[in-house]
Amino acid sequence: MRPVGGLDQGPIGAQPQRQDACMDHSGLIAALLVLAHFLLQLSVLARVLLRPHREPASRIAWVVVVIAVPLVGIVAYLLFGEVNIGARRAERLRHAQSLLPPLRLDPSTAPAPLRALIPARHRHLFRLGESISGFTPISGNQAALMADSNAAIDAMVADMDAAQDHVHVLFYIWLPDNNGIRVADALIRAAERGVTCRAMADDLGSRAMIRSLHWQRMAAAGVHLARALPIGNPLVRALTGRIDLRNHRKIVVIDDWLTYCGSQNCADPEFRIKARFAPWVDLMMRFEGPIARQNQHLFAGDWLPHVDDGIDALLRRPLPPPRDPRTDAGLPAQVVGTGPTVRWSAMPQMFEELIYSARRELVITTPYYVPDESMQAALCASARRGVATTIVFPAHNDSWVVAAASRSYYAELLEAGVRIYEYPHGLLHAKSLTLDGEVTLIGSANMDRRSFELNYENNILFYDPALTAAMRRRQDSWISASFPVHAEDVAAWSRRRRLWNNVVAMLGPVL
């Protein structure tokens, strides 16, 4: 029987001691968690500051994000803060490149029709291009600007139906729509008559085609297929490398002699996956000549890391001779291929060198404009030194982020004297730059950070006043159908709209 006075206080008196011990233990765990979080945050900040090839604005943006929202910022940086394609994938790419022979052409020993006849005032542009991809500018080419997207597909299908040896196709977006199926059927017909057909599509951009019956039909017919940069399990992929590094190229090579280059994906202009922005207004050129071998080299470099089937043997064949033996026949051209495993800042350097080289006229069309500081300065300097500088954007962009960021740069461009137009009749998806009516750059690269750092891109740079004149007429057709943007229009934007544009642009180095 317990004493009335409560003298047996042992268990009751021990309870506060146990509570104190638990509190001490919890406090220790909390302190250790805080310390671990601090050390993790510190290590991520160190990575941000020590990472090579990063603009100061990008470093500042990531430092602010990691400090302001620590947990979210750390996870975001680890997933998207570094251009990391993954160690195993990078090794496969390096091995593939080691299998490919160099494509440098020695002007002193090359046949006369292949020597690039480029005026001295433009040669530095092609030297820069050669430093990026290792491709020497080569003459002996003929080229034609396709009338529109459907005409480009018509020409591709006709060339595939006439192919005798091989057909190679690579697209970022390949849709199972009318044009997409037409190309698939042309590959099937070619494969069934014994032509070697290889088709590659980006695993993210072309997922609809890859999952379709048409992909299975091509495989059953003997078309060799590959998915560029396969994602697999997204969670596992995110742990081994960035999931948003994509192959944005658009390449068609036929019989080592015909090739296509431009902005067009393998799809209808109605682009049904984003129909409200349609039609997609694109640009495609058909090249005939030894320039096809350089696009072949790019294709093989993308193909070999996924399928080792001896494609490199094609590049060891003698370079096909020009079909016109005249020494002055054919335009000089050069393929410029860039990507996250190519030299850092290669694509913006190419754009900026072209911009700074303009003396009379510079005309640019691009759907996505999110420049770095040096590119924005180059465009402003072009207008300020008296070059007639014009840039055309789509009025309705399929990316609200890019639309807002692009317009944050309008005021400075207009103040410098750059003429800005917005094209309202669909999404102007063409990427083109013409310089002084003589030099043209076309291809897949946009003037934004994705093309600068994250995407594999392909472009062709050429010198030819006649073909550049045709390109200028196409650019003028877009300009005449567009409405000009004036400084007063931008000044009249509401404070809320300007604030939104500038905030989105400020996050550009992070996004």
| query | How would you classify the stretch 446-492 from its alpha-carbon gyration tensor, with a ≥ b ≥ c the square roots of the eigenvalues: rounded for a/c under 1.5, else prolate if a/b is greater than b/c, otherwise oblate? | reply | oblate
| Using the Cβ atoms and a cut-off under 13 Å, what net charge is assigned to the surroundings of LEU283, where Lys and Arg are +1 and Asp and Glu are -1? | +4
| task | Place +1 on the Cβ of every Lys and Arg and -1 on the Cβ of every Asp and Glu in the chain, take the dipole about the Cα centre, and give the residue among LEU499, ALA405, ILE153 whose Cα lies farthest towards its positive end. | result | LEU499
| query | With every protein chain left in place, what is the accessible area of ASP436 in Å² (1.4 Å probe, nearest 10)? | reply | 10
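Magnitude of the Cβ-charge dipole of the stretch 33-91, K/R +1 and D/E -1, about the Cα centre, nearest 20 debye? Please report the intermediate quantities before stating the final value.
Working: 6 positive and 3 negative charges, 18 e Å.
So the magnitude is around 80 debye.
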| field | Measure of compaction for the chain (Cα Rg per 2.2 N^0.38 Å) | value | 1.18
| How many percent of all Cα-Cα pairs in the stretch 370-410 sit more than 15 Å apart? | 48
| query | What base-10 log of the normalised intensity I(q)/I(0) is obtained for the stretch 232-373 from the Debye formula, alpha carbons as equal point scatterers, at q = 0.16, 0.21 Å⁻¹? | reply | -1.24, -1.45
| remark: The answer for the per residue Cα convex hull volume of the stretch 293-412, in Å³, is 180
| query | Lys/Arg Cβ at +1, Asp/Glu Cβ at -1, dipole of the chain taken about the Cα centre: which of ALA30, ILE391, ILE364 is farthest positive-ward? | reply | ALA30
| remark: Only helices counted: for the chain, with every DSSP H run of 4 or more residues adding -39500 (n - 2.57) and the sum spread over all residues, [θ] at 222 nm is -13500 deg cm²/dmol
| Cα gyration tensor shape of the stretch 356-486, rounded if a/c is under 1.5, else prolate or oblate by comparing a/b with b/c | rounded
| request: Please report, as a whole percent, how much of the solvent-accessible surface of the chain comes from carbon and sulfur atoms (probe radius 1.4 Å). | output: 59
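Could you calculate the FRET efficiency of ASP309 with ASN233 from 1/(1 + (r/R0)^6), where r is the beta carbon distance between them and R0 is 30 Å, rounded to 0.05?
That pair, ASP309 with ASN233, gives E of 0.70.
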| note | Across all Cα atoms of the stretch 415-494, Rg and the largest Cα-Cα distance (Dmax), in Å, are 14.9, 45
| remark: With a Förster distance of 45 angstrom and the Cβ-Cβ distance between ALA492 and ARG94, calculated FRET efficiency to the nearest 0.05 equals 0.25
| remark: Taking a ≥ b ≥ c as the square roots of the Cα gyration tensor eigenvalues, with a/c under 1.5 meaning rounded and otherwise prolate when a/b beats b/c or oblate if not, the stretch 162-317 comes out rounded
| note | Counting only protein heavy atoms and leaving out ligands, DNA and RNA, the solvent-accessible surface of SER480 at a 1.4 Å probe, in Å² to the nearest 10, equals 100
| query | What percentages, rounded to whole numbers, describe P(r) for the stretch 114-181 computed over all alpha carbon pairs with 10 Å bin width beginning at zero? | reply | 14, 32, 29, 22, 2
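Rolling a 1.4 angstrom probe over the protein heavy atoms, how many square angstrom per residue are accessible across the chain?
On the way: 22730 Å² over 511 residues.
With the other protein chains kept in place, the chain gives 44 Å² per residue.
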| note | Once ALA481 and LEU32 are pulled to full extension, the length gained, defined as 0.36 nm per residue separation minus their Cα-Cα distance, is 155.2 nm
| note | Longest principal axis of the chain (C-alpha) makes with the long axis of helix 149-161 (C-alpha) an angle, in degrees to the nearest 10, of 70
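The values are calculated or read from the model by the stated rules, or taken from the named source; none is laboratory data. Since we're looking at a predicted model, the values are computed, not measured. Positions of Cβ are backbone-derived with ideal geometry, glycine not excepted, and every protein chain shown enters the neighbour counts. We work out accessible area using only protein heavy atoms, side chains counted, and drop any ligands, DNA or RNA first. Shrake-Rupley method; radii C 1.70, N 1.55, O 1.52, S 1.80 Å.
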